[in-house]
């Protein structure tokens, strides 16, 4: 199978040697998104909840560019500077996803690019009709 690179101006441009997402068959591997505003490539806020909201907006844009939606995600990895924000992530994630929810990991880490407090990546499985 060949791989297709997914790219959209509605999500932050890659800031390194990676693509926003790569599609192989009906599976899409989404690179990590941090809370950058696509138009400015700057963090949207210092507030954690606002950062998490922006990350889900960015992920949604990449999912849509691939022909799917957040609800087609089957695996989500969430990287947090402070695991005390876990409950906030759950609240915000519930605004973007419908049940059944994807499989998920939440990992506490020491540092993220550009001073972000959260990064999320994942795997999207497109409906076989796409």
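Here's the picture: a label point sits 7 Å out from the Cα of residue 4 along the beta-carbon direction, and within segment 11-27 the residues with their amide nitrogen under 17 Å of it are 19-27.
So if we plug the beta-carbon distance of residue 39 and residue 128 into 1/(1 + (r/R0)^6) with R0 = 22 Å, what FRET efficiency do we get, rounded to 0.05? Calculated transfer efficiency: 0.05.
To the nearest 10 degrees, how steep is helix 48-65 against the longest Cα principal axis of the chain, on a 0 to 90 scale? Compared with the principal axis, the helix lies near 10 degrees. Cα centroid separation, segment 2-58 to segment 59-122: 11 Å.
What's the angle, to the nearest 10 degrees (0 to 90), between helix 86-96's Cα axis and the longest principal axis of the chain? With rounding to tens, the tilt is 40 degrees.
The base-10 log of I(q)/I(0) for segment 56-103, evaluated at q = 0.19, 0.21, 0.25 Å⁻¹, reads -0.65, -0.78, -1.03 [Debye formula, identical scatterers on Cα atoms, solvent excluded]. When DSSP beta bridges are restricted to pairs lying wholly in segment 3-125, around 80% turn out antiparallel.
For the peptides 109-116, 85-92, 59-66, the ranking by mean Cβ contacts within 10 Å, running from highest to lowest, is 59-66, 85-92, 109-116. Applying 1/(1 + (r/R0)^6) with R0 = 22 Å to the Cβ-Cβ distance of residue 111 and residue 19 gives a FRET efficiency near 0.45.
Any read-out appearing in this document is the output of simple, stated calculations on the displayed coordinates, not a laboratory observation. Treat the numbers as computed from the prediction; the structure is a model and nothing was measured. Neighbour counts run over all protein chains shown; Cβ positions are idealised from the backbone, glycine included.
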